[in-house]
There are 4 protein chains.
Amino acid sequence: MSTWGEYVVEADPPLEGREVTSMSREFLKKRIVPIDIEEIDTISGILSAFNNTSFQSRNLARCVEIFTKMLEDPDEPTIFLGLAGAMVPAGMKKVISTLVERKMVDVIVTTGANAYHDLVESFGHYHYKGSPEVNDAELYQRRIDRIYDTFGDEEKFRLVDEKIVMLADRIRAENSGEAVMSSREFLDQLGGLIEREGREGEKESSFLWNCWQHKVPVFVPALCDSSIGLALTRHYINSIKKGLKPLVIDQIRDNHEIFEIKKSSKKTGVIFIGGGVPKNYIQQTSYLEETFGARNRGHDYGFQITTDRPEWGGLSGCTFKEGVSWGKDKHLGEFVTCYCDATIALPLIVKAVLERLGNAPAMKRRTER
Amino acid sequence: MSTWGEYVVEADPPLEGREVTSMSREFLKKRIVPIDIEEIDTISGILSAFNNTSFQSRNLARCVEIFTKMLEDPDEPTIFLGLAGAMVPAGMKKVISTLVERKMVDVIVTTGANAYHDLVESFGHYHYKGSPEVNDAELYQRRIDRIYDTFGDEEKFRLVDEKIVMLADRIRAENSGEAVMSSREFLDQLGGLIEREGREGEKESSFLWNCWQHKVPVFVPALCDSSIGLALTRHYINSIKKGLKPLVIDQIRDNHEIFEIKKSSKKTGVIFIGGGVPKNYIQQTSYLEETFGARNRGHDYGFQITTDRPEWGGLSGCTFKEGVSWGKDKHLGEFVTCYCDATIALPLIVKAVLERLGNAPAMKRRTER
Amino acid sequence: MSTWGEYVVEADPPLEGREVTSMSREFLKKRIVPIDIEEIDTISGILSAFNNTSFQSRNLARCVEIFTKMLEDPDEPTIFLGLAGAMVPAGMKKVISTLVERKMVDVIVTTGANAYHDLVESFGHYHYKGSPEVNDAELYQRRIDRIYDTFGDEEKFRLVDEKIVMLADRIRAENSGEAVMSSREFLDQLGGLIEREGREGEKESSFLWNCWQHKVPVFVPALCDSSIGLALTRHYINSIKKGLKPLVIDQIRDNHEIFEIKKSSKKTGVIFIGGGVPKNYIQQTSYLEETFGARNRGHDYGFQITTDRPEWGGLSGCTFKEGVSWGKDKHLGEFVTCYCDATIALPLIVKAVLERLGNAPAMKRRTER
Amino acid sequence: MSTWGEYVVEADPPLEGREVTSMSREFLKKRIVPIDIEEIDTISGILSAFNNTSFQSRNLARCVEIFTKMLEDPDEPTIFLGLAGAMVPAGMKKVISTLVERKMVDVIVTTGANAYHDLVESFGHYHYKGSPEVNDAELYQRRIDRIYDTFGDEEKFRLVDEKIVMLADRIRAENSGEAVMSSREFLDQLGGLIEREGREGEKESSFLWNCWQHKVPVFVPALCDSSIGLALTRHYINSIKKGLKPLVIDQIRDNHEIFEIKKSSKKTGVIFIGGGVPKNYIQQTSYLEETFGARNRGHDYGFQITTDRPEWGGLSGCTFKEGVSWGKDKHLGEFVTCYCDATIALPLIVKAVLERLGNAPAMKRRTER
């Protein structure tokens, strides 16, 4: 008698039916093939070779496989991208824009940070290479904000804040002094702002602008928790001082909107870059269907790039397998987790998929939409 | 010439002024004292001994030191607790309630998950010991939801959802068919719901109920991203079907409320259990003051328990030192990060502080409030 | 059809025989019990309460359970402690000594670093509290060596090195100019050296001295990879310059010795503090029996404290479950992994076991040996 | 007054002399350049673009920069590769062989596991793609050994063990019944064994064979801690049963050998794939010179790929900066740590360097040796 975790395991090795039987046949059939980098010249070539190596390189390869399957599935699954962290100041903006332009994702759920820093760059400001080995008190005095090894220019941030405040004022004015909107609607307004006031040559690589352009909805469920939220707080305080009604961002309206997208999708695929609210928010769309009585509406495909782990019990690090118990993900779907920093994994995956699909097929996908 | 990270370091070892001078005097003065567990019988005794050991045990000891300082500071800093993850289903509910009852925290920012699972237990339902080594498809069929090694009972969850929907309906009715509120206000309503309908003998250990009882505000900035948010979505859909106005959770109203608390606090201390929105949301309160032109209003004290790391560039894993550059934390404040699972670290820290303060002093604190 | 990892899973949920059946009965039976720190005053009390919480606190509690079972098993399993890292400079020396004195471990496999720094302290030198936020070039100039947040005094290290060189010279002389020994034998000699030349009042807490005193063998399979190994290199170079035969540390002799201990043990328990060579070296003792044709000689009990993870494919982070495939660990044994810094977990576990066994039973164990 | 870690920081922001001055000039000069994967077609192109992104992608790019500098330094630094983990069964064998063939490394320090699994494949056996989601008891019954997601064939392992035993017997016979050798010498013998008995078409990609062919020394300081060590234990037991002297692997002889290489090198570069003994063993070569009275003989260049972290205090996760305090690494050297799974990072780095150096220059390097 033994206990692995909490459960008693009895003396005989467990019978596991068809699963193990099919496994046994396969046990020693698929060889590891040592990667020969002298023979490979493309990114998709490296990623294909990783299918036959081990550990996280193999999981990275499977991200490419699963992403390709999502894109080639004739049922045209709706693809949700959950984008946490600070990917935009880290230089990942154009990769997201590529995903949008080439119709490789249909819905984005992200943090206010990614949206805000995209705005910053759209107006012609920049982020800078820095280092974590600095005197942060000195940075504070110089009004430089640090994101690990990356610097931002606090004075430029103030200029962007001002634009957000003015946008909120303008939206209210255009709505007869009262406006309630989802974060998705506000993000769409920010896309329009970039179109009008963004710097030429920069705005084209903005992911917000591309989403606006290609009608890809962007949800920021915790919009208040970001510099955009702080600018809206300034708008809020200004408004109540003047006796005006501030713009209201109605969280639950977002839930309704994304639910409608999920419900009307025959199939769905999910991509999680990091965890946090974006991951959970996408996971809960299928769970929401469960609470309305639907069954087996979990996501069909998924891959996640994370540096978190399941053993701390948080949602950010949890496995797709755990999601199966909730009905968030389908037992018979295809999923993989790759443990890697997203600034390495994401560009490689997207490039490999592009190469593999020859750009054209991806372009063709859902053109009729 | 050398480069550590991005920067050029010139040939002589850098002069570092007073900092290094004061360090040099101290270099080999404070001995490591091997911990002698046979001589120690209390939790606070172990934690004190950890002051003179190394690595994360020393950081854990410093959490106790800094928490004690916050509580004993005659300027009575406002203490913000950021509580991410799924601490309630993990059995940490009473530890939070102790912090609230004993006035050891003044404001809580948390996830919808913690609030929801607290509700579940307040109505007399439970969470269960499970294992990650299970067949999740089988769990799905049995309507059991898994959180790593912990199980929830989906059918009971539905009962709780229903109560949330009815509460939202009721609030609307009481507000002449239209209500806009902050998440903080809604959480307060949930506290009242537990008071009215919670199970006797269970509700007393609910942290939401204790916060309601002791007027400790609870913010859930991403309320939509949780089962509470999903229940409100059901309310939303019901409402629009019936032509009624759904309850609106106004995120920015929360920002205004917490900003008022921060602004009126002479000093502030922060406690981060995990990262995510709760951590960032508390960090940005002082940054918001910055954007209004204030200077040096960063938090004065802080400790965080995390299993994330700074090198991925996300806010969840960032250091207090990084926060200094933004003005979120004071350069001259006292801060420590302990890398540890919170289910181990949090009970130890709270118990050690209670023992050290003899319960009484902590009770006395801010009684006049 | 689906693929989790590499394997095809067919459409029906897998049948898993008795294992799942026994699980199903139990699914929602064992409640999570929120820990009430106001009701608990002992370390063993906290650790018992952790049996009914979640995540790593529950795993920590299981370490205590499994350690207790090992000690109370009437078959008196031989207990191997694998001790990696730099636990001694971190202040964990006396905890190890307690384990030895109270007969809670029978064999230690460790790094040269732990042995060396134990030596340093036995001769009356110290380690010091430092910080990772220092100028390491300045430390180098001051001849201070840093181990994360802990400092060592390079000049004192030289004095200890000299003693090791002289010991090696003396052993050769006592063996007619030629000596081949296992690391275990050399470590025993170092224990004798501490007895003769260690500082009174310090040597009593040395784990090497306690092992020498209680005849607990200490293996350092990678002895060359440490300051002890460097001192022996000095002896080697001196010797060949003088035309003398240097002392030989024969690795394979160690293998034979530890194999004899394993082979003659009815049962075995293993404790891994960190990974590295100490963990693998203990794991391979049962695998060695396999290569000689034995079956089912895997370890019976085990717990490991680690901050590594399985997904990188290294031995340090691997699970006991993986060890089952090799025959290193018994399928029906009892094992748990707790992800935690050992400087926190180890003292708590040992104290809780001591409290639970009332010291006396542990003392009584195997007194006849 | 404040304390970061242990040290008191006084009220003014610290002056940091020339370092900060040079930093200030640079603060906001180097822009983050969003990577545009549609414009890049080569691996070296991606890696160059990563120089201007953030987080671990930038660190990965710096590995390429530093490796290139090592190879182009006219002082021809000796390059030590520390290779931990189980890189060979993971399919990384040919990458190592490429490094050897193209003279991109001069010395290898590795684990017995890497050497053993290279042997296995050299004799025409294979490793297989597996999954961590399997029943390990079933694997045990089928004599399949699991390394995370990779399977080995126990029966084939036995055949390889037999060859090692016979080699040891043969070496003894050739040395008149008595042999003492370093691990380096034994590994060279294994290279010769592959030459004689390895399978054609397979042996050419063996890293041991390539090292033998190109006279690149391979050190396995903890040889006993591996299947090679276990085979030598079988030889040991056979020998003593027959009254013969077993082959002795003398650890300290290895120390002397590698010390001679280090001492005679004008400059040195280090590459650490994972931590463990290989990393520390290479680090201590310069420390050994220190203990002989040399100063400033730390390594000049280094990069490490790791998934460990410094905050646990172990050597595996420690920074190069920490190594500076010991004299292991030069304060003014160039070093970078990239936190990533090596199965992803290593092939990318090596490919990028090859592309950049056009293969030819790397080939030319040190041809006269």
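How charged is the neighbourhood of B:R158? Take every other residue with its Cβ under 15 Å from the Cβ of B:R158, and add Lys/Arg as +1 and Asp/Glu as -1.
-2
What is the projected area of the convex hull of the Cα atoms of the protein assembly as shown, averaged over all directions, in nm²? Don't skip to the end; give the middle numbers.
Values: hull surface 196.6 nm².
Averaged projected area of the protein assembly as shown's Cα convex hull equals 49.1 nm².
Please give the net charge around B:G45, taking every other residue with its beta carbon less than 15 angstrom from that of B:G45, where Lys and Arg add +1 and Asp and Glu add -1.
That works out to -4.
Treat the count of other C-beta atoms within 10 Å as a stand-in for reagent exposure and order C:H235, A:H256 from fewest to most.
Fewest-to-most Cβ neighbours within 10 Å comes out as A:H256, C:H235.
What number, in percent, do you get for the relative contact order of chain B if the mean sequence gap of Cα pairs under 8 Å and at least 6 apart is divided by its residue count? Let's see the in-between values first.
Details: 598 pairs, mean separation 81.1, N = 369.
That works out to 22 percent.
Hey, for A:G124 with labels 7 Å out along Cα-Cβ, what do the inter-copy distances come to in nm, ordered shortest first?
In ascending order, 6.7, 7.1, 7.4 nm.
What ranking of C:I35, A:I305 emerges when the number of other C-beta atoms within 10 Å of each C-beta is taken as an exposure proxy, fewest first?
A:I305, C:I35
Could you give each residue of the range C:92-106 its phi-based ³J(HN,Hα) in whole Hz, using Karplus coefficients 6.51, -1.76, 1.60 with θ = phi - 60°, and x for Gly or Pro?
9, 4, 6, 5, 5, 4, 4, 4, 6, 4, 8, 6, 8, 9, 10
Hey, can you grab everything whose amide H is under 5 Å from the amide H of B:I79? Only 5+ residues off in sequence or another chain; H modelled, so Pro and N-termini drop out.
Result for B:I79 returns B:D106, B:V107, B:G269.
If you wrap a convex hull around the C-alpha atoms of the range B:131-276 and split its volume per residue, what is the figure in Å³?
Convex hull volume per residue, Cα atoms: 155 Å³.
Apply the Karplus parameterisation 6.51 cos²θ - 1.76 cosθ + 1.60, with θ equal to phi minus 60°, to every residue of the range C:153-165 and state each ³J(HN,Hα) to the nearest whole Hz, in sequence, with x for glycine and proline.
10, 3, 5, 5, 4, 4, 5, 5, 3, 4, 5, 5, 4
Over 23 Å between C-alpha atoms is what I'm after, so list which of B:K262/D:K29; B:K279/B:K328; A:K29/C:K279; C:K69/C:K321; A:K156/A:K279 land there.
B:K262/D:K29; A:K29/C:K279; A:K156/A:K279
Report, in deg cm²/dmol and to the nearest 500, the calculated mean residue ellipticity at 222 nm for chain C, where each DSSP H run with n ≥ 4 adds -39500 (n - 2.57) and the sum is divided by the residue count. Don't skip to the answer; put the middle values down first.
Details: 15 runs with 178 residues, N = 369.
Dividing the helical sum by the residues of chain C leaves -15000 deg cm²/dmol.
Considering only the label points, 7 Å along Cα→Cβ from Cα, what distances in nm to one decimal separate D:E155 from the same position in each other copy, shortest first?
Distances between equivalent label points, in nm: 5.1, 6.6, 7.6.
So how do C:F303, C:F259, D:F55 line up by other beta-carbon neighbours within 10 Å, fewest first?
Lowest count first: C:F259, C:F303, D:F55.
Suppose you put the label 7 Å out from Cα in the Cβ direction; list, shortest first and in nm with one decimal, how far B:K30 is from each other copy's label.
3.4, 4.1, 5.3
Pull up all non-local amide H partners of B:D145: gap of 5 or more, or a different chain, and H-to-H distance under 5 Å with H placed in the peptide plane.
Long-range HN contacts for B:D145: B:G152, B:D153, B:E154.
For the rotation bringing D onto C, which D residue has its Cβ nearest the axis, and at how many Å?
D:A222, 2
Could you pull out every residue, at least 5 positions away or on a different chain, whose amide H is within less than 5 Å of the one on A:V180? Hs are placed 1.01 Å off N in the peptide plane, and Pro or chain starts have none.
A:V248
Apply the Karplus parameterisation 6.51 cos²θ - 1.76 cosθ + 1.60, with θ equal to phi minus 60°, to every residue of the range C:341-355 and state each ³J(HN,Hα) to the nearest whole Hz, in sequence, with x for glycine and proline.
After applying 6.51 cos²θ - 1.76 cosθ + 1.60, I find 5, 5, 5, 8, 6, 5, x, 5, 4, 5, 4, 4, 5, 4, 4 Hz.
Where Lys and Arg each count +1 and Asp and Glu each count -1, what net charge lies around A:S97 among other residues with Cβ under 10 Å from its Cβ?
The answer is -2.
For the range A:21-141, what does the relative contact order come out to in percent, with C-alpha contacts under 8 Å and a separation of six or more?
About 16 percent, as a whole number.
Normalised by the residues of the range D:269-350, what does the relative contact order come to in percent, with Cα pairs under 8 Å and at least six apart?
With pairs under 8 Å counted, the relative contact order is 35 percent.
Any read-out appearing in this document is the output of simple, stated calculations on the displayed coordinates, not a laboratory observation. From a predicted model like this one, the values you see are computed outputs, not experimental measurements. All Cβ positions, glycine included, derive from the backbone under ideal geometry; neighbour counts span all protein chains shown.
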